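For reference, the structure discussed in these notes is given below.
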Amino acid sequence: MAPVKNICCIGAGYVGGPTCAVIAYKCHDIKVTICDINANRIDAWMSDKLPIYEPGLDEIVFSRRGKNLFFSTNVDKHIQEADLIFVSVNTPTKKQGLGAGMAADLAYVEAATRRIAQVSTSSKIVVEKSTVPCRTAESMRAILEANCTPHVSFDILSNPEFLAEGTAVADLLNPDRVLIGSLQTESGKIAQAALADVYAHWIPRENIITTNLWSSELSKLAANALLAQRISSINALSAVCEATGADVDEVAYACGRDSRIGSKFLKASVGFGGSCFQKDILNLVYLSTQLNLPEVADYWMQVYTMNEYQKNRFVRTIINTLFNTITGKKIAVLGFAFKKDTGDTRESAAITLIKSFLQENARVAIYDPKVEKEQIYLDLSEPGVLDNRQQVERGVHICASAYEAAKDADALVIVTEWDEFRHLDYSRIYKDMHKPAFVFDGRLMLDAPALRNMGFKVHVIGKNSLEGRA
Ligand code: NAI
């Protein structure tokens, strides 16, 4: 097979954008066009202010845009021109119908696949980049074969993306591994080799893993489930720590020093967020149920349940500590993104927490260095939860700084681990807050003893801290 020379990526989101920008950056001999039906998003990719924030992404995009990296809403044209197409569209949890609340909504994948079949005038490699349930490639193949023009054929590959938001560029430049699954046919393996050659422009061959299609699809769900399971495991232990006087950081360190366990992803917190962990676990639970494996489904469901428990437990602690009522009190929330170094708020723990505060009629002041005001209002006024936008706007004030948020507040709640929150002038904040001034550290990131010396009452998840028990 001739080397890949022209790539089209369908979906200019958090995955399609950075992934294909890095391919263009590393493969000057390949023309890469990232397409989306969302014209605003494409306009932003072509502007000075990219639609997503990722450290290092501006430099990569600006250096290749207009040379071998292009953005377009003309999906059909770029499908036709491409020899390899990444399908990198969203696969959210289904909101209604069969499997609602659990299964992945594959409508976007199907629409993109049908488009590829309808407009292609030459044979192509079609790559699943989106995270999909195991055996989705089979459905894609059926759609492509039933709808394509005569003499046009398709090879389908699975190439799930393992980047983490906030470190996407670093992850893409130096991934632990790239995974490419294909049918074990001659043409499947040739297509697999062609995509491997693209990545081999900058990734050592030994880090490019090739497997069968189904292993590749399942590995992505499995990797996210295993990562989330570690977070839920340490969060479950954080509750035990709070009840016993053990310190979850010390427990995590002591356990993580065991090389069989390892130290990464053992940080207790208010719970995981982001567009992937929850969605992919629920997807795995649904898949297991469909496969008539109820014990397996129950096992993974507990990872999700523990995450909900951790968020609710934190809210309960805050209310209990504030003398069992937060009605009319001002709660300053630092951070709204689901993690630091991203503006992404999907499934952020902040949303659950703040909705609970509002239900208790607290006044909430929010500061996040990267999330836009409009996004916060949108996330908090989802239909069916708090039914109107004005209600949210009355209860929530979006601030330009942590200091503004903390002024006259009864409690300061750390939700996102932005580095700048470590270096705030806490004595100034203390002076400006109501007394007693409470800090609830949902990210275990502040110097609690120093804050206590200033006069704050500090609660840290996983540490029996308010009582000051050593
Ligand atoms: P996203 O929602 O940011 O981007 C998806 C884009 O696809 C949207 O801009 C949408 O307008 C576009 N789109 C949908 N249907 C289209 C069509 N028919 N033609 C053209 N464009 C279309 O989603 P994100 O976060 O990039 O995720 C994409 C996939 O990657 C999902 O399956 C997700 O699970 C997976 N993933 C996400 C990661 C993350 O950190 N966000 C990491 C690894 C995988």
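Laboratory data are not the source of any read-out in this text; all were calculated from the coordinates shown. Owing to the predicted nature of the structure, the values given are computational and were not obtained by experimental measurement. Note: ideal-geometry Cβ built from the backbone for every residue, glycine included; neighbour counts use all protein chains shown.
Descriptive notes on the structure:
- In this structure, the pairs whose alpha-carbon distance is over 28 Å, taken from Lys264/Lys373; Lys329/Lys457; Lys370/Lys407; Lys355/Lys435; Lys5/Lys95; Lys311/Lys340, are Lys264/Lys373; Lys5/Lys95.
- Whether segment 41-125 is rounded, prolate or oblate, judged on the alpha carbon gyration tensor where a/c under 1.5 counts as rounded: oblate
- For segment 148-241, applying the loop criterion from DSSP together with a ceiling of 16 other beta carbons within 10 Å to the trypsin sites (Lys or Arg not before Pro) yields Arg177.
- Our helix-only sum for the chain, with -39,500 (n - 2.57) per DSSP H run of n ≥ 4 divided by its residues, gives a mean residue ellipticity at 222 nm of -13500 deg cm²/dmol.
- Using a cutoff of 8 angstrom between alpha carbon atoms and counting only pairs six or more residues apart, the relative contact order for the chain works out to 12 percent.
- Residue order, fewest to most beta carbons within 10 Å, for Trp45, Trp214: Trp214, Trp45
- Cβ crowding within 10 Å ranks Phe86, Phe154, Phe62 as Phe62, Phe154, Phe86, fewest other Cβ atoms first.
- Segment 110-182-segment 423-452 distance, computed between alpha-carbon centres (Å): 48 Å
- With R₀ fixed at 56 Å, the C-beta to C-beta distance from Val240 to Lys49 puts the FRET efficiency at about 0.80.
- Mean-position separation - Cα centroids, segment 199-232 and segment 79-103, in angstrom: 19 Å
- Centre separation in Å (Cα based) which lies between segment 2-21 and segment 252-322: 32 Å
- Charge dipole (debye, nearest 20) of the chain; +1 at Cβ of Lys and Arg, -1 at Cβ of Asp and Glu: 460 debye
- Residues His459, His423, His201, sorted so that the one with the fewest Cβ neighbours within 10 Å comes first: His423, His201, His459
- Counted charge near Asn68, where neighbours are those whose Cβ lies closer than 14 Å (Asp, Glu -1; Lys, Arg +1): +4
- Over every Cα atom in segment 151-263, the radius of gyration and the widest Cα-Cα span, Dmax, amount to 19.2, 70 Å.
- The stretch between Asp29 and Arg260, if pulled fully straight at 0.36 nm per residue, gains 78.9 nm over its current Cα-Cα span.
- Size-normalised alpha-carbon gyration radius of the chain, reference 2.2 N^0.38 Å: 1.05
- Length gained when the stretch Thr305-Asp58 is fully extended (0.36 nm per residue, less Cα-Cα span): 85.2 nm
- Segment Asn212-Thr167, length gained on full extension (0.36 nm per residue, minus Cα span): 13.4 nm
- Hydrodynamic radius of segment 336-414 by the Kirkwood approach over all distinct alpha-carbon pairs: 12.7 Å.
- Coil-residue trypsin sites (Lys or Arg not before Pro) of segment 115-175, DSSP, other Cβ within 10 Å capped at 15: Arg135
- Segment 76-235, relative contact order in percent, only Cα pairs under 8 angstrom and at least six apart counted: 20 percent
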